[in-house]
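Here's the structure, in structure tokens; my notes come after.
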Amino acid sequence: MTREIVIKTEHLTKRFGDFIATNAISFEVYAGEIFGFLGANGAGKTTAMKMLCGLLTPSSGSASIAGFDIYKQSEKIKKSIGYMSQKFSLYEDLTTLENISFFGGIYGLSDAQIKSKSEKLIGQLGLQNEMKKLVGELPLGWKQKLAFSVAVLHDPKIVFLDEPTGGVDPVTRRQFWDLIYDAAARGITVFVTTHYMDEAEYCDRISMMVDGVMKELDTPQNLKSKYNTTSMDDVFFELARGAKRKAD
Amino acid sequence: MSDVHVENLVKTYDGGQVKAVNGISFAVEKGELFGLIGPDGAGKTSIFRMLTTLLLPDSGKATVTGLDIVHDYKEIRSHVGYMPGKFSLYQDLTVEENLSFFATIFNTTIEENYHLIKDIYIQIKPFKNRRAGKLSGGMKQKLALCCALIHKPSVLFLDEPTTGVDAVSRKEFWEMLKALKAQGITILVSTPYMDEATLCERIALIQSGSILSIDTPQNIIKQFPDKLYSVRSDNMIRLINDLRTMPEVTSVYSFGDHHHITLRDNNLDGLLQELTEKGHAAVDGKPIEPTVEDCFIALMKNANN
């Protein structure tokens, strides 16, 4: 069975002066896969993710995202992906509905599409009573669920999630993963970073960055067998402990 | 006598519309390592800011080292160390300049209390001439801790020191806290990470401005109301969806490579057999001891009902 490849990088590298933030990483991500992108602070995750989103030009190496070249077609890449981080979620002084139409418009959806998508999304999240409330008034957990739904509003090929569940309560954290599974089941590839090792278990495959290099890439099960342990925590410790770089 | 005493503390914002802290009471003993465990928006930062005299409560009372947080605010400030969640040192001063600045405003010197910070400062000393803004996250955190300690506070408040920090660095940070506790400093630390709860002597689980439970982590775990089981199979997503539809399953949550469930009649064998009949392969289940996160979820559900 050949699986559709939506992210393919070869020796992707980013240097800042004589510092090599991301050092020749090569990997592939398949359509509909939940791909965990792990590593200690300073391992080079953010730099790599910025390159994959078309926001930062690599120093060398190549990559294609959703079939588009990372050097020449970064604008097309941006239209084919969704992005959500823990920090920037949505415009707090716009209402729920206004945020949905705003981002829908940015992603080039028609008014009719925005209307039908908004209704569906509001229904799914149970936000009927909050449609006209300012997003700033919503509890953090709801904001994060709404931000995720907005990030996949335009049915992107890939959605990038940068620590989406940081600081979220334990019930909402799990509801958030239900949304991730739904998106993956609809064929959206999910590329996610997290500091919660239980969440690493929910990924189809996990990569581990150490000092700018991709040290491991495998299923959680295979990684645990390889490191002869029953918990992803141990795998992480084993790999990150050897890291020389410490940064943010 | 307790070092921190809080009674019915209330804090609201936006003219009473946002209830950040909703009548909270607790006490922390001298030399104790006490954790406030809860998600963002639970009220942790508001509590810390009131106890460090940076914010006035709407109502309620609190004392820190026996001093009232409203009337004796000036005196309290020389007895507490505070490390805010957001990095708040002077970015354009060097490591050493920041430290000597904080020592000076508290009428002391780096030398006088060096023994308190030595183990931590030694790790950033090679960069003492670097501007604080140019430090890595881990080094900023160590410098902030040194600055909070340099005037030898009796009580140390650490607001989410490990948020966004990777698992290895988090472990190192907790080692530093243990060493400080050994020096007799009372420590209040807040965290959204449930797995850090067991590193505290006592914890308050907090959600939406109210305390769900206060006790030792061991006792909180003992008070879990049901028998808890972990189950797994070869398809965990299908498994959780099926478990959610089964009437005998009273709760089900994912915990990494297992799902944690409670059962109406505690008939695990019956459930496992039913799952096999539904076509699940490699079905496995066993009774387990709850984690603090299991307890938090159960208490949250109670509070919402």
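For region A:17-58, a residue qualifies if it is within 13 Å of another protein chain (Cβ to nearest Cβ) and either part of a loop (DSSP other than H, G, I, E, B) or without any contact (Cβ under 8 Å) to a residue 40 or more places away in the chain (or both), and the qualifying residues are A:Phe19, A:Gly32, A:Ala40, A:Asn41, A:Gly42, A:Ala43, A:Gly44. Report whether or not A:Ala200 is buried (at least 22 other Cβ atoms within 10 Å of the Cβ), among the aliphatic types (A, V, I, L, M), within 12 Å of another protein chain (Cβ to nearest Cβ) and within 22 Å of A:Arg174 (Cα to Cα). Yes, satisfied. Taken together, the residues in region A:59-103 that are modelled with pLDDT under 95, under 19 Å from the mean Cα position of the chain (by Cα) and part of a loop (DSSP other than H, G, I, E, B) amount to 5. Of the residues A:Phe27, A:Phe35, A:Phe19, the single one that is loosely packed, with under 15 Cβ neighbours inside 10 Å and either modelled with pLDDT of 95 or more or not small (Gly, Ala, Ser) (or both) is A:Phe19. Does B:Ile206 qualify as being under 24 Å from A:Gly141 (Cβ atoms), at pLDDT 95 or above and out of contact with any helix residue (DSSP H, G or I) (no Cβ under 8 Å at 6 or more places or on another chain)? Taking the combined requirement at face value, the residue does not satisfy it. When you go through (1) outside any helix (DSSP H, G or I); (2) surrounded by 15 or more Cβ atoms within 10 Å (Cβ to Cβ); (3) away from chain A (no Cβ under 12 Å) one by one for B:Pro247, which number turns out not to apply? Going through (1) outside any helix (DSSP H, G or I); (2) surrounded by 15 or more Cβ atoms within 10 Å (Cβ to Cβ); (3) away from chain A (no Cβ under 12 Å) one by one, B:Pro247 breaks only (2). If you check A:Glu137 against the conditions, is it surrounded by fewer than 19 Cβ atoms within 10 Å (Cβ to Cβ) and within 14 Å of chain B (Cβ to nearest Cβ)? In short, yes. Do the conditions hold for B:Arg170, that is, is it of a type in the set (Lys, Arg) and either away from chain A (no Cβ under 13 Å) or part of a loop (DSSP other than H, G, I, E, B) (or both)? Taking the combined requirement at face value, the residue does not satisfy it. In region B:53-71, is there at least one residue being among the basic types (Lys, Arg), more than 18 Å from the chain's Cα centre (by Cα), assigned by TED's automatic domain parsing to the domain that holds B:Lys140 and more than 20 Å from B:Gly209 (Cα to Cα)? The answer is no, given that none of the residues of region B:53-71 is among the basic types (Lys, Arg), more than 18 Å from the chain's Cα centre (by Cα), assigned by TED's automatic domain parsing to the domain that holds B:Lys140 and more than 20 Å from B:Gly209 (Cα to Cα).
Of the residues B:Ala197, B:Ala179, the single one that is within 12 Å of chain A (Cβ to nearest Cβ) and small (Gly, Ala, Ser) is B:Ala197. Checked against (1) surrounded by fewer than 21 Cβ atoms within 10 Å (Cβ to Cβ); (2) touching a Phe, Trp or Tyr at 6+ places or on another chain (Cβ under 9 Å), B:Ile203 passes all but condition (1).
Evaluating B:Val231 against the criteria (1) in contact (Cβ under 8 Å) with a residue 12 or more places away in the chain; (2) not in a strand (DSSP E or B); (3) not acidic (Asp, Glu) leaves one unmet condition, (2). Here the helices (runs of 4 or more DSSP H) wholly within region A:149-248 that include at least 2 residues being among the hydrophobic types (A, V, I, L, M, F, W, C) are A:170-185, A:197-200, A:232-240. Considering region A:207-248, and only residues there that are more than 12 Å from chain B (Cβ to nearest Cβ) and in contact (Cβ under 8 Å) with a residue 40 or more places away in the chain, the residue that is farthest from A:Thr9 (Cα to Cα) turns out to be A:Asp211. Looking across region B:156-167 at every residue that is away from chain A (no Cβ under 14 Å) and buried (at least 22 other Cβ atoms within 10 Å of the Cβ), the one that is farthest from B:Gly66 (Cα to Cα) is identified as B:Leu158. Among the residues of region B:106-138, the ones that are under 25 Å from the mean Cα position of the chain (by Cα) and touching a residue at least 40 places away in the same chain (Cβ under 8 Å) come to 4 in all. Among the candidates B:Met236, B:Met176, B:Met194, the residue that is out of contact with any Lys or Arg (no Cβ under 9 Å at 6 or more places or on another chain), modelled with pLDDT under 95 and either surrounded by fewer than 20 Cβ atoms within 10 Å (Cβ to Cβ) or over 30 Å from B:Val10 (Cα atoms) (or both) is uniquely B:Met236.
The values are calculated or read from the model by the stated rules, or taken from the named source; none is laboratory data. Note that this is a predicted model, so its numbers are computed, not measured. Note that we place each Cβ from the backbone using ideal geometry, even for glycine, and neighbour counts take in every protein chain shown.
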